[in-house]
Amino acid sequence: MLISDVRIFLAVHATGGLSAAARQLDIAPMQVSRRLAALEEELGVRLFHRTTRSVSLTAEGDALLPYAQTMSEAEESAIGEF
């Protein structure tokens, strides 16, 4: 699991959409979509319910959320140490 994919997962959750997450991360929306799909493929679960207007966490996405937040915070702490 790539930490960059975890950050994308968190951004999609925080912003409520793939395009908004792409703007926040300053990357192309297609890249957000592809990386999120790769993370879902790796985990073997769907993380978001997607409609044309919004996204919402699936039960599996909700279960991943605290782990993803911990991973992101640990990365930030590690980077802050050096």
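So between Ser72 and Ala14, what do we pick up on full extension, going 0.36 nm a residue minus the alpha carbon distance?
Going from the current span to full extension adds 19.5 nm.
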Residue-normalised value, i.e. accessible area per residue, for the chain at 1.4 Å probe, in Å², stands at 64
Between Ile79 and Thr51, how many nm apart are label points set 7 Å from Cα along the C-beta direction?
-> 3.4
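Using a 1.4 Å probe on the protein heavy atoms, what percent of the accessible area of the chain belongs to carbon and sulfur? Before the final figure, lay out each step's value.
On the way: 2810 of 5270 Å².
Carbon and sulfur together cover 53 percent of it.
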Given Cβ charges of +1 for Lys and Arg and -1 for Asp and Glu, the option among Gly17, Ala59, Gly80 whose Cα lies farthest towards the positive end of the dipole of the chain is Gly17
Average projected area [Cα convex hull, the chain], square nanometres = 5.3
Assuming R0 = 35 Å, what is the FRET efficiency of Ala63 and Arg23, from their Cβ-Cβ distance, to the nearest 0.05?
-> 0.85
How long, wide and thick is region 34-82, going by the Cα atoms along their three principal axes, in whole angstroms, largest first?
-> 41, 19, 19
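The values are calculated or read from the model by the stated rules, or taken from the named source; none is laboratory data. Source: prediction; values computed, not measured. Cβ sites come from the backbone with ideal geometry, for glycine too, and all protein chains shown count toward neighbours. These accessible areas exclude ligands, DNA and RNA; they are computed on the full protein's heavy atoms, side chains included. Shrake-Rupley method; radii C 1.70, N 1.55, O 1.52, S 1.80 Å.
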